[in-house]
Amino acid sequence: QVRLVESGGGLVQAGGSLRLSCAVSGGTFSSYAMGWFRQGPGKQRELVAGINTGGRTNYADSVKGRFTISRDSARNTVTLQMDSLKPEDTAVYYCAARRLREVSIYVYEYNYWGQGTQVTVSS
């Protein structure tokens, strides 16, 4: 059974930083494209950042230059470094794994999900 566990959320002031981690167990991490999604109040879940099995990354326009996604195959973890945070980044952040090489922007194309971690950015 594949399990994803996120950590690192919390409350931060605008302009601050947070680092989210997602530990993957029970599966073949190296064969999964990984994504970080977020869902704000009253909004749809959206892809924030993704990384394919080869390490290629892509980002939503709203976070480019501020967020960095990375993966560590030795630790089976994927990390999202979030800098210069803004109040509009407030959301529940989810880690997701897709059993294919490439990242997708579509929620339904991911096979496994974490439970989510709250990120709150105060102004």
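Does any residue in region 36-62 that is under 16 Å from residue 6 (Cβ atoms) come within less than 6 Å, Cβ to Cβ, of a residue that is basic (Lys, Arg) six or more places away or on a different chain, and which pairs are these?
Partner pairs satisfying both residue conditions: 37/45; 39/45; 48/38; 51/71.
Residues of region 41-78 being over 17 Å from residue 8 (Cα atoms) and among the β-branched types (Val, Ile, Thr), which ones?
Residues satisfying the conditions are 51, 53, 57, 63.
Name the single residue that is most open to solvent (accessible area, probe 1.4 Å) among those in region 40-67 being of a type in the set (S, T, N, Q) and out of contact with any Gly (no Cβ under 8 Å at 6 or more places or on another chain).
Only one residue fits best here, namely 44.
Within the set of pairs 6 or more residues apart or between chains, which connect a residue that is farther than 15 Å from residue 56 by Cα inside region 94-111 to a residue that is open to solvent by 70 Å² or more (accessible area, probe 1.4 Å) and among the aromatic types (Phe, Trp, Tyr) with Cβ atoms less than 6 Å apart?
If the second residue must be open to solvent by 70 Å² or more (accessible area, probe 1.4 Å) and among the aromatic types (Phe, Trp, Tyr), the pairs left are 94/113; 96/113.
Taking region 3-27 as the search range and keeping residues that are closer than 16 Å to residue 73 by Cα and of a type in the set (S, T, N, Q), which one is nearest to the chain's Cα centre (by Cα)?
Applying the filter and picking the extreme gives 21.
Kindly check whether there is at least one residue in region 90-100 that is open to solvent by 30 Å² or more (accessible area, probe 1.4 Å), more than 18 Å from residue 120 (Cα to Cα), hydrophobic (A, V, I, L, M, F, W, C) and assigned to a loop (DSSP other than H, G, I, E, B).
yes
Can we say residue 33 is exposed (fewer than 15 other Cβ atoms within 10 Å of the Cβ) and small (Gly, Ala, Ser)?
It is false that residue 33 is exposed (fewer than 15 other Cβ atoms within 10 Å of the Cβ) and small (Gly, Ala, Ser).
From 81, 115, grab the single residue that is assigned to a loop (DSSP other than H, G, I, E, B), within 30 Å of residue 13 (Cβ to Cβ) and modelled with pLDDT of 95 or more.
Result: 115 is the single residue among 81, 115 that is assigned to a loop (DSSP other than H, G, I, E, B), within 30 Å of residue 13 (Cβ to Cβ) and modelled with pLDDT of 95 or more.
Can you pull out the residues in region 1-28 that are of a type in the set (S, T, N, Q) and either closer than 28 Å to residue 100 by Cα or in a loop (DSSP other than H, G, I, E, B) (or both)?
If the condition is that a residue be of a type in the set (S, T, N, Q) and either closer than 28 Å to residue 100 by Cα or in a loop (DSSP other than H, G, I, E, B) (or both), then 1, 7, 17, 21, 25, 28 are the ones that fit.
Kindly provide the set of residues from region 68-78 that are buried (at least 16 other Cβ atoms within 10 Å of the Cβ) and either part of a loop (DSSP other than H, G, I, E, B) or not hydroxyl-bearing (Ser, Thr, Tyr) (or both), ordered by number.
Scanning region 68-78 gives 69, 71, 76, 78.
The values are calculated or read from the model by the stated rules, or taken from the named source; none is laboratory data. As the structure is a computational prediction, the values presented were derived from the model and not from experiment. Don't worry about glycine lacking a Cβ; one is built from the backbone with ideal geometry, like all the others, and counts go over all protein chains shown. Calculation scope for accessible area: heavy atoms of the full protein, side chains included, ligands and nucleic acids excluded. Shrake-Rupley method; radii C 1.70, N 1.55, O 1.52, S 1.80 Å.
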